[in-house]
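One structure below.
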Amino acid sequence: MTDFLLELRSEEIPARMQERAREDLAKLFAAELDKAGLKAAEIVTYATPRRLALIARGLPEQTAAMSEESKGPRTSAPPQALEGFLRKTGLTQDQLVERDGVYFAVVNKPGRATAAVIAEAVPAVIRAFAWPKSMRWGAPSQSTESPRWVRPLQGIVAILGEEVVPFEVAGVQSGVATVGHRFHHPGIITIGSADDYVEKLRMCHVVVDGAERRNIIALGAKMAAKKAGLTLIEDEGLLFENAGLTEWPVPLLGRFDESFLEVPPEVIQLTARVNQKYFVCSDASGKLANAFVCTANIDPSDDGAKIVEGNQKVLAARLSDAKFFYDTDLKTRLGDLQPKLEKIVFHEKLGTVADKVERVAKLAEWLASEGIVSNCDPRLARRAAELAKADLVTGMVGEFPELQGLMGGYYAAAQGEDPAVAEAVRDHYKPVGQGDDVPTAPTTVAVSLADKLDTLAAFFTIDERPTGSKDPFALRRAVLGVIRLVIVNDLRFGLLKPLFQACADIHFRQQRSPIDRVWPAIAEYEAISRKLIDRDDFFRLMQSATDRANEDAARYVEEGVTDSRVLFAFFADRLKVQQREAGVRHDLIDAVFALGGEDDLVRLLARVHALQAFVTTEDGANLLAGYKRAANILKKEEWVDVEAKPLTYEPLPEEADLIAALDAAEPIATVAIQREDFAGAMAALATLRGPIDAFFEKVTVNDPDPAKRSARLALLARMRDAVHKVADFARIDG
């Protein structure tokens, strides 16, 4: 067994591509080995800004002999079929093997040297490599068949054991030579084998392991901050990026002018992170400090003084720009920015952002006034919604779009808006992702809910719905946001009603309101009247225009109802997915949804969770078994529910016991369901377990006597219907 080392050295690889490239290199190389019947005991990959490397351990010296078999035509097939098979395989008829009247071609392939396999595999890997962005270079780039790489390849190291594996890619010949750090050790390094690769490069100021570089940066940055009496604000994404930009990372702490702290801390952190790749720090009170940590790619002789000085100047310029945007934005009130929203298209079929703001404001006010969001002042909800999107046209959000909402909140607070309004403007996009905070302040909840419901209604009314893996308008995320808002805030309402409000409003606005369509008619007919049009004709035409407008209004309502139902079905599907991911059985979710008519998400989920707890008990499992037996009998007999009639015969004891148990359990279960005590309802139904078991054991349902048969089927239907008040047990597995 031996080890193989591959290093592909190039000009700088973007940091964001390095981790994916490591994974792809391992997968592609392993796949090429697998084609030849080779398998490494372990494959390790590394990435730095200038190199992508792989070490495959435990490779055999050659591949095992292989036998390939391909099936041919039957022996009774026409000669032409046999001739075609022989041409395909390159064999003669006497070399074929006959089994069960079918020809087979069996080709034995001897083992190959592993080095020969690798010499073919690596060029194939390079040709198949799917970089997000790649390029051609040099004279070969004149042909579209030339190899592509993320940046021009400069060197290839390929060593199996202690021997070079010879091959050439894009004019670069494989060998044993590489280079160290660009400044500390730019000269040639000779690699002896895979065993000395990592340490030899470390001696030349190159840390090839990305995880090790990340640890160096994380620890060094924390220690630099701690030495200054500060705490590093950790950022895993920034940690990966800094590790991807350096081969010999050295964290250094710098300072910026305290006057910049007048700018919101998120702006400072984003400026440092996005533009300069710096970490920031907090002081003992938890507030942002006027300090940052940058990562140098050299070991400076002056402890980094000149590097820090240069970085401080660059950051100061960036923060000056940010402060200018902030101060300039504060000079214009958010309310005065509304006209600019009329120039931003939200969607070609849905109008401008100003149109969306108007819809959201109306819906937020309605949610508050209807009590759907309790303890919410409708006036504040409308005001917050009217201001929520205004920061989209500010200088700061133009520079940093990810600050939308947040900056609006700062501006609203600075301009004297009600604190509830400022908070709603700041947080109305939340929750954005699964781990995001869910707003609980009533005004914020109303605006956030209205914004997401309007987005969903808008795109559903124009048939821009998610399909498969495509969801360009993030509607699935919007649905999950609504669900989380409802559940966390325990909002008790039927979801169909606000969905209808939103959908109908979209239809209404798309076609203009009926009265808007009447007024042009009035103007037209008034102009005609000046030419002495007949008075009766004028009023007849006016009535016709009014009738058409009323018909439009009715159509808007009908379309709103249809779209709201389709949209609710979409909500139901996403809720099922969310609950399955949370560990709830899919069949139990289906069992509750199958009841229909339930659009209160909180109540619906309470029913699902109570059902999951119940069916895992012995009583629940036995009741389910009894229910399924009853349902199967009713289905087999094609029972049609009829009004229950008094018994005309003396019931058997087991029959009477089941009737008595139903008489006792049904009222208790009904009251419990009305109180939304679903666990109590199921406990009441669990008392049916013994009587239903005894009934099936002692009572013949299909009695020859039609009266007995009908009464007993009706009794089973009664038992089934009692259980259906909780869930459709027919959809539960087991």
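The values are calculated or read from the model by the stated rules, or taken from the named source; none is laboratory data. Remember, predicted model here, so these are calculated numbers, not experimental data. So basically every Cβ, Gly included, is an ideal-geometry build from the backbone, and we count neighbours across all protein chains shown.
Of everything in segment 440-450 that is surrounded by fewer than 24 Cβ atoms within 10 Å (Cβ to Cβ) and in contact (Cβ under 8 Å) with a residue 24 or more places away in the chain, the residue that is farthest from PRO419 (Cα to Cα) is THR440.
Every residue, every condition in (1) crowded, with 21+ Cβ neighbours inside 10 Å; (2) within 20 Å of the chain's Cα centre (by Cα), yes or no:
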position	(1), (2)
GLN415	no, no
PRO431	yes, yes
ASP437	no, yes
SER469	no, yes
GLY481	yes, yes
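Only residues that are assigned to a loop (DSSP other than H, G, I, E, B) and among the hydroxyl-bearing types (Ser, Thr, Tyr) were counted across segment 59-102, and they come to 4.
Among the residues of segment 676-707, just one is surrounded by 15 or more Cβ atoms within 10 Å (Cβ to Cβ) and among the hydroxyl-bearing types (Ser, Thr, Tyr), namely THR687.
Being among the charged types (D, E, K, R) and part of a helix (DSSP H, G or I) is a property that ARG476 has. Among strands (runs of 3 or more DSSP E) entirely within segment 140-199, having at least 3 residues that are buried (at least 18 other Cβ atoms within 10 Å of the Cβ) singles out 153-160. Quick one: what pairs do we get from segment 54-81, first residue of a type in the set (S, T, N, Q) and surrounded by 15 or more Cβ atoms within 10 Å (Cβ to Cβ), second modelled with pLDDT of 85 or more and not in a loop (DSSP other than H, G, I, E, B), C-beta under 6 Å, 6+ apart or different chains? Cβ pairs passing all conditions: GLN62/ALA113; GLN62/THR114. Of the helices (runs of 4 or more DSSP H) lying entirely inside segment 380-472, the ones with 3 or more residues being of a type in the set (Gly, Ala, Ser) are found at 406-414, 419-427, 442-461.
Could you please let me know if ALA707 is at pLDDT 90 or above and in a helix (DSSP H, G or I)? Taking the combined requirement at face value, the residue does not satisfy it.
May I ask you to verify whether VAL97 is modelled with pLDDT of 90 or more and β-branched (Val, Ile, Thr)? The answer is no for VAL97.
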